[in-house]
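Data block below; observations after.
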Amino acid sequence: IEDTAFYRWHRLSSLNEVGGDPEHFGVSPEELMAFVVRTAGTWPLTMTTLTTHDTKRAEDVRARLAVLSERPDAWHAWLRTAQELARPYRSAPLDGATEYLLWQTVVGAWPLTPDRLQGYATKAVREAKLHTGWTQVDETYEAAVAAFVSGVFSDPDLAAHVERWLDDTASATRAVVLGQKLLQLVLPGVPDVYQGTEVVDLTLVDPDNRRPVHVADLSARLARVDAGGASDDDLDRLDDEKLLVTSRALRLRREHPEWFVGPEATVSHVPTDDEHAFAVARGDHTGDHVVAVVTRLPSSLDGWADATVAVPAGTWSDVLSGATHTSAGTLPIGAVLATRPVSLLVRTLV
């Protein structure tokens, strides 16, 4: 299924993940919490992860494609323009399904090198086994795929078209990248941060996701983030934010393991009155001590207006921004998420 069907059927390729079900496009907060409670009760020390050595696409490639699913009309228009721009590079052997997979891959993993996309394309069409394969290579078909990939990278108008899409969706992508990472790190289970995914990871299926990790660079970036430094480059800035979320959540788990693992650790849904916000609490028998708030369905979010999150009474400090909030039972979401689309609140005074 995963190594043949998933390379043939890719209406939304981010769903074609190891252990995934491409017919299941998403879950409601209620479905997620039912799964979370079941995990806490039956398998509290299971590994939680977003990327492994075996994922078809890294977590942040899938984040970009999740945003695509929220903007079907805009994506349709973008795709038609891309197809027209790429007309000179398309020859008869290239089928529409493969071309569509390549466009999703381009917007999911850009910027990437021609060699990386060529390697991915070759693996994808051989795994699909429809036009070529590992044991019966169709050189004419594979040459058509390679020519298309080369043409996409050689055309500055196509590159600009891709970058416009990424610019238009950058804010929503940021919310998904940070939100899914924070949830992975605070929900029940033992989180695994696959090599290099402390920052934005736009790798594809192996061997692309097994390239060396520059640990010294990550260490230097963490030191800069800890010191309050920030990058001026958009992608670098998101790298910094993801590293901030990862480091702060993991440090909190290290300082207070009793809130996250063990027989007394608790997890509960924190109600919000806006469908665009999801919140969850962790704690122990003495009460809730951590509340994580994330933004969901960011593409259709116009603003928070008077929306609130039902944070238990007390004084709460956001370990990501340093902001302090005093709750009498609720907090305005606009204030909680004023700095970034996620918040990690820790109770400082009851």
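Since every read-out is calculated from the coordinates, none of them should be taken as a lab result. What you are looking at is a predicted structure, and each value in this text was computed from that prediction instead of being measured. Using ideal geometry, Cβ is built from the backbone for each residue, glycine included, and neighbour counts are taken over all protein chains shown.
Normalised by the number of residues in the range 96-175, the average gap of Cα pairs under 8 Å and 6 or more apart makes the relative contact order 26 percent.
Contact order normalised by length for the chain, with contacts defined as Cα pairs under 8 Å and 6 or more residues apart; what percent is it? Mind dumping the intermediate values first?
Details: 520 pairs, mean separation 62.4, N = 350.
Once divided by the residue count of the chain, the mean separation gives 18 percent.
Length gained on full extension, THR42 to ARG164: 39.4 nm, using 0.36 nm per residue less the C-alpha separation. The modelled label-to-label distance between ARG87 and TYR100, using points 7 Å beyond Cα along the C-beta direction, is 2.1 nm.
Report, in debye and to the nearest 20, how large the dipole of the chain comes out about its Cα centre when Lys and Arg carry +1 and Asp and Glu carry -1 on their Cβ. Could you put the intermediate results ahead of the total?
Working: 32 positive and 50 negative charges, 75 e Å.
Rounded to the nearest 20 debye, it is 360 debye.
The angle between the Cα long axis of helix 114-128 and the main principal axis of the chain comes to about 80°, on a 0 to 90 degree scale.
Suppose R0 equals 51 Å. What FRET efficiency, 1/(1 + (r/R0)^6) with r the Cβ-Cβ distance, do ARG80 and VAL215 give to the nearest 0.05?
Numbers: r = 43 Å, r/R0 = 0.84.
According to the calculation, E is roughly 0.75.
For the chain, the longest principal axis of the C-alpha atoms and the axis of helix 29-42 are separated by about 70°.
With +1 on each Lys and Arg Cβ and -1 on each Asp and Glu Cβ, how big is the dipole of the range 12-140 about its Cα centre, in debye rounded to the nearest 20? Intermediate values should be presented prior to the final figure.
Values: 13 positive and 17 negative charges, 53 e Å.
Approximately 260 debye in magnitude.
In plain terms, the chain from THR52 to ALA310 could stretch by 89.4 nm, reckoned as 0.36 nm per residue minus the Cα-Cα distance.
Would you kindly state how much longer the chain becomes between THR113 and SER317 on full extension, computed as 0.36 nm times their sequence separation minus their alpha carbon distance, in nm to one decimal? Walk me through the numbers on the way to the answer.
Values: separation 204, 0.36 × 204 = 73.44 nm, distance 4.20 nm.
Fully extending the segment from THR113 to SER317 adds 69.2 nm.
Between the alpha-carbon centres of the range 198-276 and the range 96-167 there is a gap of 30 Å.
Neighbours of PRO207, meaning other residues whose beta-carbon lies under 11 angstrom from its beta-carbon, give a summed charge of +2 when Lys and Arg score +1 and Asp and Glu score -1.
I want the local charge near THR55. Using Cβ-Cβ distances under 15 Å, sum +1 for each Lys or Arg and -1 for each Asp or Glu among the other residues.
Details: positive: LYS56, ARG57, ARG62, ARG64, LYS123, LYS181, ARG210, ARG211; negative: GLU2, ASP3, GLU17, ASP54, GLU59, ASP60, GLU127, ASP192, ASP201, ASP206, ASP208.
Cβ neighbours under 15 Å give a net charge of -3.
Per residue of the chain, what 222 nm ellipticity follows from adding -39500 (n - 2.57) for every DSSP H run with n ≥ 4, rounded to the nearest 500?
Details: 11 runs with 153 residues, N = 350.
Value at 222 nm, helices only, nearest 500: -14000 deg cm²/dmol.
Per-residue 3J(HN,Hα) values for the range 310-325, derived from phi via the Karplus relation 6.51 cos²θ - 1.76 cosθ + 1.60 with θ = phi - 60°, read 7, 6, x, 4, x, 9, 10, 10, 7, 6, 8, 10, x, 5, 10, 10 Hz in sequence order (x marks Gly and Pro).
Compute the FRET efficiency between GLU2 and THR135 as 1/(1 + (r/R0)^6), taking r as their Cβ-Cβ distance and R0 = 22 Å, and round to the nearest 0.05.
Values: r = 19 Å, r/R0 = 0.87.
Efficiency computed from Cβ-Cβ geometry: 0.70.
The 3J(HN,Hα) values that the Karplus relation (6.51, -1.76, 1.60; θ = phi - 60°) gives for the range 334-345 are, in residue order, x, 6, 5, 10, 5, 8, 8, x, 9, 9, 10, 8 Hz. Gly and Pro appear as x. Computed from Cα atoms, the angle from the helix 215-226 axis to the main principal axis of the chain rounds to 40 degrees. Once the Kirkwood radius over Cα pairs is known for the range 1-48, the Stokes-Einstein relation at 4 °C and 1.567 mPa s delivers a diffusion coefficient of 104 µm²/s. Which net charge results when you count Lys and Arg as +1 and Asp and Glu as -1 among the other residues whose beta-carbon is under 15 Å from that of GLY283? Net of charged neighbours comes to -2.
Here the spin labels are modelled as points 7 Å beyond Cα on the Cα-Cβ line, and at ASP234 and THR348 they lie 3.4 nm apart.
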